[in-house]
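Inspection log for the structure reproduced underneath, given as structure tokens.
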Amino acid sequence: MFVDQVKVTLIAGKGGDGCVSFRREYRVPKGGPDGGRGGDGGNIYLVSDPNLNTLAYFRYHPINKAKKGANGQGSNKQGKRGKDLYLKVPVGTVVKDAVTGEILHDFLKPGEIFLAAKGGRGGRGNASFATPTHQTPREFEKGKPGEEKELILELKLIADVGLVGFPNVGKSTLISRISAAKPLIADYPFTTLTPNLGVVDVDEERSFVVADIPGLIEGAHEGLGLGIQFLRHIERTRILVHLIDVSPYSGRDPVNDYRVIQNELKAFNPELVKRKQIIVANKIDLLGEDKKQLTAVKRLAIKEKKPFLAISAVTGEGLKNLVNLLTKMLEEEKVEKTENSSEDEREKD
């Protein structure tokens, strides 16, 4: 099951109570206080795991508790510390405070560890309260409760390229042809109910990740269709491939389709429309002599000053050109990012 947003309650372990005890040994009539302190409660950590791609575990385990610390004992024995709890999340998970909405951590790399809830401190035993003038203390401290946190975990897929477009424009077919991904493909709206990730192998040394985002429709940013569930997954992509159906059987205006999707992206996050985009006309294998749709999309690309390609995801026509263009754009984007970072460092110096 693909789950990309959950609310969880994390309860760190309570600290153990301190102990009240007095030394009792043979021929030692006046043994002093020897009550040890309680052990600290266990912490709760979130750890990013590259082998996970869903937050489904938390759907069935919304409340997670760490172990409490053991109480202190006589002979100045400190209670055992509560065992820490490590919870795995997918790379790309954003941790937010459920009350304030504040972003607490963003897992961008595998193996990152985030302290989500701190265990309570163990209480002091009576040995800690002994003084020259107070030699038989009976005071002790109870262990402190661990932190209790309500968090929102939100998964945003990390991909180099995002495929966007109306339902049934051929996104699933395209990702299945250029990568090893095997999404469900059928001729009806909203075939894709979860985002699909595929790795495109360019050569032995180069590859990139493509995300097939389920079909958007007008009003997606307001909750219509499936778009509101998956628009967040586009936010991390470096390049957007805007796939448009130019076949005569869709019954839609391809130029208007482009405008609608652009408006939805802008309404969700204005930064998305500033990303590098490629306009791709799909299903050219279904074109007859009437190529008005294809011509209109070509003119649109020129007007928008965006790269344009015509492909058939079914027959494979134009797919090699698309992969080569994406590879080139990703490499250029990487160089630009490196240069900008270098300039920023020089300005700081």
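Give me a count of the residues in the range 129-166 that are of a type outside the set (Phe, Trp, Tyr) and either in a loop (DSSP other than H, G, I, E, B) or free of Cβ contacts under 8 Å to residues at least 24 places away in the same chain (or both).
So the answer is 23.
Where in the range 1-115 are there strands (runs of 3 or more DSSP E), lying fully within it, with 1 or more residues that are within 20 Å of GLU235 (Cβ to Cβ), hydroxyl-bearing (Ser, Thr, Tyr) and assigned by TED's automatic domain parsing to the domain that holds GLY125?
44-49, 93-97
Kindly provide the set of residues from the range 263-283 that are surrounded by fewer than 17 Cβ atoms within 10 Å (Cβ to Cβ), polar (S, T, N, Q) and more than 20 Å from the chain's Cα centre (by Cα), ordered by number.
If the condition is that a residue be surrounded by fewer than 17 Cβ atoms within 10 Å (Cβ to Cβ), polar (S, T, N, Q) and more than 20 Å from the chain's Cα centre (by Cα), then ASN263 is the only one that fits.
Please find, among PRO110, PRO90, PRO62, the residue that is more than 30 Å from PRO137 (Cβ to Cβ), in contact with a Ser or Thr (Cβ under 9 Å, 6 or more places away or on another chain), buried (at least 16 other Cβ atoms within 10 Å of the Cβ) and not basic (Lys, Arg).
Going through PRO110, PRO90, PRO62 in turn, just one is more than 30 Å from PRO137 (Cβ to Cβ), in contact with a Ser or Thr (Cβ under 9 Å, 6 or more places away or on another chain), buried (at least 16 other Cβ atoms within 10 Å of the Cβ) and not basic (Lys, Arg): PRO90.
May I ask you to say which residue of LYS328, LYS306, LYS298 is surrounded by fewer than 14 Cβ atoms within 10 Å (Cβ to Cβ), at pLDDT 85 or above and either basic (Lys, Arg) or assigned to a loop (DSSP other than H, G, I, E, B) (or both)?
Every option except LYS328 fails the conditions.
Any idea which of ILE302, ILE278 is of a type in the set (A, V, I, L, M) and in contact with a Pro (Cβ under 6 Å, 6 or more places away or on another chain)?
None of the others qualify; the one that does is ILE278.
Being out of contact with any Pro (no Cβ under 6 Å at 6 or more places or on another chain), among the aromatic types (Phe, Trp, Tyr) and at pLDDT below 90 narrows it down to one of PHE114, PHE166, so name that one.
On inspection, the qualifying residue turns out to be PHE166.
Assuming LYS83 fulfils every condition listed in (1) surrounded by fewer than 16 Cβ atoms within 10 Å (Cβ to Cβ); (2) in contact (Cβ under 8 Å) with a residue 40 or more places away in the chain; (3) more than 27 Å from GLU150 (Cβ to Cβ) apart from one, which condition is it?
Result: LYS83 fails condition (3) only.
Of the residues that make up the range 173-181, is at least one under 25 Å from ARG236 (Cβ atoms), at pLDDT 90 or above and part of a strand (DSSP E or B)?
No, the conditions are met nowhere in the range 173-181.
Given GLU141, GLU148, which one is in contact with a strand residue (DSSP E or B) (Cβ under 6 Å, 6 or more places away or on another chain) and at pLDDT 90 or above?
Just a single option satisfies the conditions, and that option is GLU148.
Checking the structure you have, find out if any residue of the range 265-274 is of a type in the set (S, T, N, Q), within 24 Å of LYS156 (Cβ to Cβ) and not in a helix (DSSP H, G or I).
yes
The values are calculated or read from the model by the stated rules, or taken from the named source; none is laboratory data. These numbers were taken from a predicted model, which means no experiment stands behind them. In this analysis, Cβ positions are derived from the backbone assuming ideal geometry, glycine residues included, and neighbour counts consider all displayed protein chains.
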